[in-house]
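The structure under discussion appears below in the form of structure tokens.
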Amino acid sequence: MGRIGWSDFVIWQCSLRQRNFRMFGGKPSEGTIASFSNIKSDIQLGDIRSILMEDNCEDTSKMFEFMHKQTHDPETRFDKAIKFFSSEYYNTPSNFDGSFTATFPYQSNVSKDLLKKKKVNAQFFERDTGFSFAVNVSKLKKNNSKWQYTFWHNRFFNPSLSEDIEILNFSPVKTGLKKIN
């Protein structure tokens with residue numbers, strides 16, 4: 001097996017996500033699910049649907065908010081989001097660093113457990129390819145651009161999503177990346 005680098009994971013994630021939007025109308029595939037386990041014991045902690053984060057997501061989060069406020073029709077918003085994500089958005093993997101976020105119900109046991117551990121193992125897998133690596137876990141505040149990006153992104157697909165949620169950020173530890181075949 002050849003040497004793998006962090007960009008291999010990011011390129012794979014961008015390709016999966018763009019394909020999901022282009023071919024499946026935004027329906028997420030198995031490869032967007034992060035499976036978490038305890039670093040020391042490999043005990044499974046849960047699976048979550050993830051949002052791949054841009055390095056600098058402030059402008060995009062403002063655009064998402066504008067798209068929501070532009071119309072009250074959820075179908076129009078959804079169609080615009082699909083067009084945006086399926087076009088050129090994921091064509092530049094260098095805009096992403098591999099960090100991802102996830103939305104949880106307010107004070108969920110899973111989010112509490114992940115925050116308490118602070119560092120867990122994450123694994124992504126689809127068909128015959130996967131990646132495993134450690135991530136640092138942190139809770140985002142509502143005024144954080146990653147929180148805003150995640151909230152408005154998810155609201156395209158769940159128009160009734162309220163702000164009474166928790167959004168966690170998962171920042172990869174860029175050493176120890178393993179490719180799974």
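Given the criteria surrounded by 17 or more Cβ atoms within 10 Å (Cβ to Cβ), in contact with a helix residue (DSSP H, G or I) (Cβ under 9 Å, 6 or more places away or on another chain), closer than 17 Å to C57 by Cβ and modelled with pLDDT of 95 or more, does F151 qualify? Judged against the criteria, F151 is a match. When the residues of segment 68-102 are filtered to those that are acidic (D, E) and without any contact (Cβ under 8 Å) to a residue 60 or more places away in the chain, the one that is nearest to K146 (Cα to Cα) is E88.
Filtering segment 44-61 to residues that are free of Cβ contacts under 8 Å to residues at least 60 places away in the same chain, closer than 23 Å to F84 by Cα and either within 13 Å of the chain's Cα centre (by Cα) or surrounded by 13 or more Cβ atoms within 10 Å (Cβ to Cβ) (or both) leaves R49, L52, D55. Of everything listed in (1) at pLDDT 90 or above; (2) more than 15 Å from V10 (Cα to Cα); (3) among the hydroxyl-bearing types (S, T, Y), the single unmet condition for T32 is (2).
The values are calculated or read from the model by the stated rules, or taken from the named source; none is laboratory data. Since the structure is predicted, the reported quantities are computational estimates derived from the model, not experimental observations. Using ideal geometry, Cβ is built from the backbone for each residue, glycine included, and neighbour counts are taken over all protein chains shown.
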